[in-house]
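Derivation of every value follows stated rules applied to the coordinates shown; laboratory data play no part. Please read all numbers here as calculations on a predicted model, not as lab measurements. Backbone-built Cβ (ideal geometry, glycine too); neighbour counts: all protein chains shown.
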Amino acid sequence: MRTDYKLKLLSKKLKSGKCQIKFYVSSDTRKNMYGYLLAESGTTLKEVVGKIEHKVRMIETASQHYQSHLYNLATRDVSNDHILIFNN
């Protein structure tokens with residue numbers, strides 16, 4: 001995976017014991033993004049970064065084949081990774 005981007009993380013502990021992580025993905029060569037990840041307590045920084053990198057990689061792969069403004073309303077995202085990413 002290319003890593004020509006910067007990743008900034010901010011975390012907030014929730015009353016449930018989970019951590020809400022806001023992250024920013026910035027790059028000179030790609031679209032900037034931000035998002036949120038809900039992590040269980042005890043999740044390591046390496047695991048959090050790995051989840052974010054995996055999701056960014058999936059978005060980049062999909063954007064090569066599909067228009068970013070088109071959606072298939074018949075399908076649901078059944079992933080269980082509790083992560084949302086938006087274009088900045």
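Below is a table of values for the structure above.
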{"read-out": "From phi via Karplus (6.51, -1.76, 1.60), per-residue ³J(HN,Hα) for the range 43-50 in Hz, x at Gly/Pro", "value": "5, 7, 4, 4, 5, 4, 4, x"}
{"read-out": "Net charge over other residues, Cβ less than 11 angstrom from the Cβ of Lys12 (K, R count +1; D, E count -1)", "value": "+4"}
{"read-out": "Karplus 3J(HN,Hα) series, Hz, for the range 26-41 with 6.51 cos²θ - 1.76 cosθ + 1.60 (x for Gly, Pro)", "value": "10, 7, 7, 10, 10, 5, 6, 9, 9, x, 10, 9, 9, 10, 6, 5"}
{"read-out": "Residue order, fewest to most surrounding Cβ atoms within 10 angstrom, among Phe86, Phe23", "value": "Phe86, Phe23"}
